[in-house]
Amino acid sequence: KLTDDLQDIAMSLRMVPISGVFQKMNRIVRDMKQSLNKDVRLTIIGEDTEVDKNIVDSIQDPIMHLVRNSMDHGIEETAQERIDAGKDPQGELILSASHTSSEVIISISDDGYGMDPDKLLAKAREKGLLVKPESEYTQKEALSLIMLPGFSTNQAVTEYSGRGVGMDVVKRNVESIGGMVSINSELGVGTTMTLKIPLTLAIVD
């Protein structure tokens, strides 16, 4: 019992709140709002969720990349476009963290364009990335295509994206710490990227 208690204490010393990472995203959203001329508010949920110190360093880049993606591609180009689609003229980005008994769940959601599985399939076909007939892909599999290396839907390189440092890098970084990335998106409604990450890297008894 004593060694168990000691392990618990040692573990808790490694835990730090994720607020440090989340707060940095405020600045990214603020800067991009100006450069892209988009009105977006960032809503942060669960910033006091704690994660292993080593993990915090590994997830900062993937989260930053996903936030930039949402700002750049997710949120509609103009407020008018949003109004025409029956949405609030101000876009919203939600960054949330919570944990279950064994993992931390971090999600980055936007209420923008959403992704069209058919377009993604066509793009993957064009790049020769499909491994089975298009009709056999489920919506989830089609959305996951954007995490394949060599898949970038951006035609033009902007300051923030289209450099090929795409979702495949995000996926690799998250998987390197034993986590996984999943994508949920509804055309015209928005996109949610979810990272599931083990609570800690040091729980070997």
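The values are calculated or read from the model by the stated rules, or taken from the named source; none is laboratory data. Everything numeric here is computed off the predicted structure, so don't read it as measured data. Surface areas here come from the heavy atoms of the whole protein model, side chains and all, with no ligands, DNA or RNA. Shrake-Rupley method; radii C 1.70, N 1.55, O 1.52, S 1.80 Å.
In summary, the aspartates and glutamates within cross-link reach of residue 140, defined as a Cα separation below 20 angstrom excluding same-chain residues under 8 places away, comprise 110, 111, 116, 118, 126, 168, 175, 186.
The helix-based estimate of mean residue ellipticity at 222 nm for the chain, built from -39,500 (n - 2.57) per DSSP H run of four or more residues and divided by its residue count, is -12000 deg cm²/dmol to the nearest 500.
Taking 127, 87, 171 in turn, the Gaussian network model of the chain (Cα-Cα springs below 10 Å) assigns the largest fluctuation to 127. Here the chain exposes an accessible surface that is 52 percent carbon and sulfur, computed with a 1.4 Å probe and the other protein chains kept in place.
Of the residues 83, 44, 177, which exhibits the maximal mean-square fluctuation in a Gaussian network model of the chain defined by a 10 Å Cα contact cut-off? Judging by the Gaussian network model, the answer is 83.
Among 111, 84, 52, the largest mean-square fluctuation in a Gaussian network model of the chain, built with springs joining Cα atoms closer than 10 Å, belongs to 84. Of the DSSP H helices in the chain, those that are both long (alpha-carbon extent of 18 Å or more along the helix axis) and hydrophobic (Kyte-Doolittle mean at least -1.0) are 2-14, 19-36, 53-69. Per-residue SASA remark: residue 36, around 50 Å² accessible (1.4 Å probe; ligands, DNA and RNA not included). Counting only DSSP beta bridges with both residues in the chain, the antiparallel share comes to about 80 percent. With viscosity 1.567 mPa s and temperature 4 °C, the Kirkwood radius over alpha carbon pairs of the stretch 1-141 converts through Stokes-Einstein to a diffusion coefficient of 73 µm²/s. In the context of the full set of protein chains, residues of the chain present 54 Å² of accessible surface per residue (probe radius 1.4 Å, heavy atoms only). List, in the order given, every pair from 24/53; 33/127; 127/171; 24/119; 53/123 whose Cα-Cα distance in the structure shown is over 27 Å. Too far apart for the 27 Å limit: 33/127; 24/119; 53/123.
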